[in-house]
Structure formats: structure tokens, C-alpha cells
Amino acid sequence: MAFANPNYSDIMATTIESRTRKIADNVTKNNAILAKLSTKGRIKPFSGGYQILQELSFAENSNAGYYSGYDILPVGIADVISAAQYNIKQAACPVIISGLEMLQNAGRERMIDLMDSRLSVAESTMANLISGGLYANGTGYGGKEIDGLDAAVPVNPAVGTYGGIDRSTAIGTFWRSQISDQTATNGLDPTKIQGYWNALWAKTVRGTNRPDLIMCDSTVWAVYMASLQALQRFAQAETGALGFPTLKFMDADVILDGGIGGFCPAGTAFFLDTDYLFYRPHSARNMVPLAPNKRYATNQDAEVQILAWAGNLTTSGAQFQGRYDANG
């Protein structure tokens, strides 16, 4: 098929290719969870394999103990390391330009302006898609969506399989996240919310391991704000190191992911220990063109490039994550 304007048919491919690193970086910066994971070195690309493996320790070494003098020391095999398994999820956003639009935008500068505009839309669309997926339970889009926080930190952590590990079994108890399951009447009360949060916090702490990021929807955020004002402990939200307006609970950043375009489920706050949370994009499919070559529609005068991503959200310590649910 003869293309309408072959002189400009390379511009789409070269423009999207030159922006891919920026797009991937902006997706991270525009999301508080990913920004935190980035600062903690928890963005771990993988290069291949049938599934994403996240190594974890599920038991203590039974050989440990006290001894005296010439006591025989146990040297039994201690199989305490395993791995959670996560499917590779894929996402894409096609960017299309017709032959007529190429003719109408003749001139290299005008063509680049057009492509930049469309890539900016694709960039923000993909950022929102990934941000929403970080809260998903993995069943959306026919099971193709990210296994997000709703899977890692569910309302009922004692049921279901996550990361290939059955949480309903005795051996799966170590894989259960923590929950503060409150009714809307009790949970959304400024005089009670800190007491519930204190109890949930205590359940997620092990030594120096503790939540460092708390993501809230609008209603929970407002109630927590009111609780601080009542106790005269709140002055003014300030911009934290992540670049988002933050409050503090203990020493964790409390961040609003509600309001316009927020994705945190209603009546929910996630208590996250990001030492055990990982964003795992594929090293060759992290907001890049699906193919660097020209893509032509077989029966249309149009060119297509596809902005693509593959990966998943994983955890190596579900028991260190918590969820405050005020929905009853």
C-alpha cells in the first residue's frame, strides 16, 4: 500500500522511541507508590522467564539454638527460602496518525508537535492505567490487569491464592496481610481513627520493619486530617521528599490518592512497608514502542505505533502490609 506521505512516515517511530525513557520516568514520578519504591530501590526490572519470581523467606532456621561446651550442633537441612510467582501482565496504548493528518501537518516541526501532543496523551493514559492497576486485584480485563494492592492486601487476607501461595492453608498464614476491618460508623470517626490505626500499625511492625507509606482515599484522608486538628497536632500539610503533599503517622508518609483521578478504593488506607514491595517491569518492555518499525493499517491510510508495558507488582512480605477498611 502506498503511504500518503512517505517523507514523514518515520517521524512517529523516531519520536516515540526518543521519548520512551522519559515516559517510563514520568509514570514513576506521577505516582506516590512508585516514587517511594524508586527512592527505596524497589523498582526491579526483569529480563525474561515464564513468570516473575519474588524470593522470600517463609520460616526461621530450625538449627538455631543455645549450646554449651562440646554439645553437638544440629546441621539439618533448613529449607527456608522460597519464591512467590507472579504472571507477567501487559498493557498498551496505540498512537495513530492518518495520511490526511500527515499531509495537513506537512513540515517536520508541525509533525513533531502533533506527535508530541498525541504521545503526551498516551503517556498520561498509560500512567493512569498503571496507577489504577497498582490498586487492582488482578481480575480486571479478564484477569489481565496488574495484581495490585487489592490482591496483596485484601479485605479478607485468609482466603485465596496470591503469588502462587494459598493463604487459606496453615503454611500460608505467614503470607496473610494485616487488616483493620471497621464499619463506616466506627472507622470514619475522627475521635476513633487514630486508635484503629495504632492497633493496625502494631500488627505490621517487626523490629525495625514497619510501614513507611500510607495511601488514603479522600474520605479517610479527611477524617485523619480532622483527628489531627482536634488534637492540635496538625499545622499544615507540607510537600514531602516524594514531591506529594504529605502528613505523618508515626514516621510514615500519609498521602492522599483520592480527589480528581484518585485510585485508592473508597474508605480505605493501605499501610505499606515498601522494603517488601516491588515494581517489576520487563527491561525490554517498560513504556517502549512495541516495534521500532513502521506499522501500517492494511486497509486504511494510517500509521500506528503502540506504547507498551509488561510487568507486575510483587511483594516478598505480605505479612508486613496492612489495610484499614472503613466500609464494614
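Read the figures in this text as sums done on the coordinates, not as results from a lab. All figures in this text were calculated on a predicted structure; none of them were measured in a lab. Methodologically, a virtual Cβ is constructed for each residue, glycine included, from the backbone with ideal geometry; neighbour enumeration extends over all protein chains shown.
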Can you flag which of K29/K248; K89/K248; K40/K248; K36/K192 are past 22 Å Cα-Cα? K89/K248; K36/K192
Fewest to most neighbouring Cβ within 10 Å: what's the order for T219, T298, T314? T298, T219, T314
